[in-house]
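Note sheet for the following structure.
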Amino acid sequence: MPRENPLATPPTRPLVPLRQVTDPHLRIGVQPSDAETDTATVLSWAQALKAEQANVLGFPGSLDFDFTRLAPLLGVLANNVGDPSAADASAIHAKAYEQAVTDFVARTAGTDPDDLYGYVTTGGSEGILFGLSTARHTLPRAPIYASDQAHYAVGKAARILGMDLITVASRPDGTMDPEDLAIKLLTQLLITPRKGQHPGAIILATIGTTMQGAYDDVTALKAVASKSGAVYVHADAALGGFIAAHAPSRPRWSFPHGADSVSVSGHKLLGMPVPCGIVLARRELVPDASSAEYVKASDRTLGCSRSGLAAVLMWSALRQLGHAGMRERVLNCLNTAAYATQKLSEAGANPTRPTDSAVVCFDRPDPATVDRWHLACEGDRAHIVTVAHVDRAAIDALCTDLAHQKRP
Ligand SMILES: *Cc1c(COP(=O)(O)O)cnc(C)c1O
């Protein structure tokens, strides 16, 4: 099966005009609407969404959360303008919670929070953009090296930043191939105009690849790249960071293993009702802040106004777990993945699963099964991600469907 390269410039698709995508029942008109009817509409939509979520097996968001006890948070604005550590003119923020979250994630990533800068992002993609912009500041002439299994957000960030992106082949298990990396680095050296002076390398390591859930080896890739000059490593650990931190096989994924910045998503393994994430970078590599007199806050973030709500919700979830609870959560997810691998094998679906991964790939079933279980597919393979709400009963039901599916 030829692999799609998510880093290639995507084909353009015509944009649908705005008007065509508006559901007429939801259109906001000239006159005020009836609030009670609207509330009923939204709540019944949310109820249907909730009911369907038990069947979502193919995507990386844990859906076992319930923050309704914190509903009064919807009655306040917490706007984290600029750096988490900076005071700002408005002083209506949740930065203390944000700092507690980044502190926790820094320790999860195996390092002293004092050595890092970090903040709560809108998600994994913003974390990649921040990591790569820090990398560009550190090594201005270096291209980005990412595998053909990297998330498409990497290609998007490279285009936004105007950086060169070199695609490295992956091995059958989904990890970046260090031998192909060495070849790509050498090729780059030969075509560099300044003879013998390598521009350096920015390695984008993926910690839990999107389709196969494989962990790139940060230490090994950095060792290969270091032979030809300065190296910066960003670890895109959107789904896999929290897992790798507690996985028995101890993947080499983070700061102690050679990463210079790390990004994780909050709405994936942890589970959040709003998309969010955390990005961390070595403090000395992050360029100086811009600051406007008007907000009176230093600001190294990519946003300006940022979600205090996301910070408080992540704080609440992480505080309920602690590092011990997070470990248990991860080990449960890995146990479910092992169970799914066994059941899918018994069902003849040819499962594959990298060591300590929550992602299990198997033969793509018929479209009805794909739809019923919200499976993610690529070519002739499908996958499930055994995040926290995925239980053994759902795996069993999926396997029953596989046994009864209509073969084309
Ligand atoms: C989900 C994911 C992203 C994108 O993260 P968002 O939080 O959706 O922006 C990036 N990289 C990997 C490996 C992912 O799994």
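Of note:
- Qualifying residue in segment 226-233 (condition: over 30 Å from T121 (Cα atoms), in contact with a Gly (Cβ under 8 Å, 6 or more places away or on another chain), of a type outside the set (D, E) and part of a loop (DSSP other than H, G, I, E, B)): yes
- Here segment 151-164 is the region considered, the condition is being among the charged types (D, E, K, R) and more than 23 Å from D299 (Cβ to Cβ), and the residue that is nearest to the ligand (Cβ to nearest atom) is R159.
- Considering (1) in contact with a helix residue (DSSP H, G or I) (Cβ under 6 Å, 6 or more places away or on another chain); (2) within 16 Å of G240 (Cα to Cα), the lone condition that Q149 does not fulfil carries the number (1).
Results for (1) under 22 Å from the mean Cα position of the chain (by Cα); (2) among the hydroxyl-bearing types (S, T, Y), shown as yes or no for each residue.
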site	(1), (2)
L270	yes, no
G308	yes, no
R319	yes, no
T341	no, yes
D356	yes, no
D366	no, no
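- Some residue of segment 171-189 being surrounded by 24 or more Cβ atoms within 10 Å (Cβ to Cβ) and within 15 Å of the ligand (Cβ to nearest atom): yes
- The residues of segment 322-367 that are within 26 Å of I278 (Cα to Cα), touching a residue at least 40 places away in the same chain (Cβ under 8 Å) and surrounded by fewer than 19 Cβ atoms within 10 Å (Cβ to Cβ), listed by number, are H323, R327, L331, N332, T355.
- Residue that is farthest from L302 (Cα to Cα), among those in segment 270-280 that are among the hydrophobic types (A, V, I, L, M, F, W, C) and more than 9 Å from the ligand (Cβ to nearest atom): L270
- Looking across segment 127-150 at every residue that is closer than 21 Å to A289 by Cβ and crowded, with 24+ Cβ neighbours inside 10 Å, the one that is farthest from the ligand (Cβ to nearest atom) is identified as A135.
- Taking the conditions (1) closer than 21 Å to D173 by Cα; (2) part of a loop (DSSP other than H, G, I, E, B) in turn, H374 satisfies each one other than (1).
- In segment 210-222, the residues that are among the β-branched types (V, I, T) and either in a loop (DSSP other than H, G, I, E, B) or away from the ligand (no atom under 16 Å from the Cβ) (or both): T210, T219
- Of A230, A244, A225, all but one fail to be in contact with a strand residue (DSSP E or B) (Cβ under 9 Å, 6 or more places away or on another chain), within 16 Å of the ligand (Cβ to nearest atom) and at pLDDT 95 or above; the exception is A244.
- Selection within segment 49-69 - outside any helix (DSSP H, G or I) and out of contact with any Phe, Trp or Tyr (no Cβ under 9 Å at 6 or more places or on another chain): A54, F59, P60, G61, S62, L63, D64, F65, D66, F67
- Tallying residues that are surrounded by fewer than 23 Cβ atoms within 10 Å (Cβ to Cβ), in a helix (DSSP H, G or I) and under 15 Å from the mean Cα position of the chain (by Cα) within segment 92-126 yields 1.
- Of all residues in segment 247-269, those satisfying the criterion of being closer than 17 Å to V359 by Cβ and more than 11 Å from the ligand (Cβ to nearest atom) are A247, P248, S249, P251, W253.
- Residue match in segment 271-281 (condition: farther than 15 Å from L132 by Cα and in contact with a Lys or Arg (Cβ under 8 Å, 6 or more places away or on another chain)): no
- Exclusive hit being within 19 Å of the chain's Cα centre (by Cα), closer than 30 Å to A78 by Cβ and either at pLDDT 95 or above or crowded, with 23+ Cβ neighbours inside 10 Å (or both), set A153, A158: A153
- Of all residues in segment 378-395, those satisfying the criterion of being loosely packed, with under 14 Cβ neighbours inside 10 Å and over 18 Å from P367 (Cα atoms) are R392, A393.
- Filter result for H374 (under 25 Å from G110 (Cα atoms), modelled with pLDDT of 95 or more and exposed (fewer than 15 other Cβ atoms within 10 Å of the Cβ)): no
- Pairs are defined by a Cβ separation below 6 Å, a sequence spacing of at least 6 or placement on different chains, a first member in segment 221-238 that is farther than 10 Å from V279 by Cα, and a second member that is of a type in the set (D, E) and more than 16 Å from the ligand (Cβ to nearest atom); the pairs so defined are Y232/D260; V233/D260.
- For the residues A89, A40, A46, the requirement of being in a loop (DSSP other than H, G, I, E, B) and either in contact (Cβ under 8 Å) with a residue 12 or more places away in the chain or not polar (S, T, N, Q) (or both) singles out A89.
The values are calculated or read from the model by the stated rules, or taken from the named source; none is laboratory data. Computed from a predicted model, the values in this text were never measured in an experiment. Neighbour counts are summed over all protein chains in view; Cβ atoms, including those assigned to glycine, are modelled from backbone coordinates with ideal geometry.
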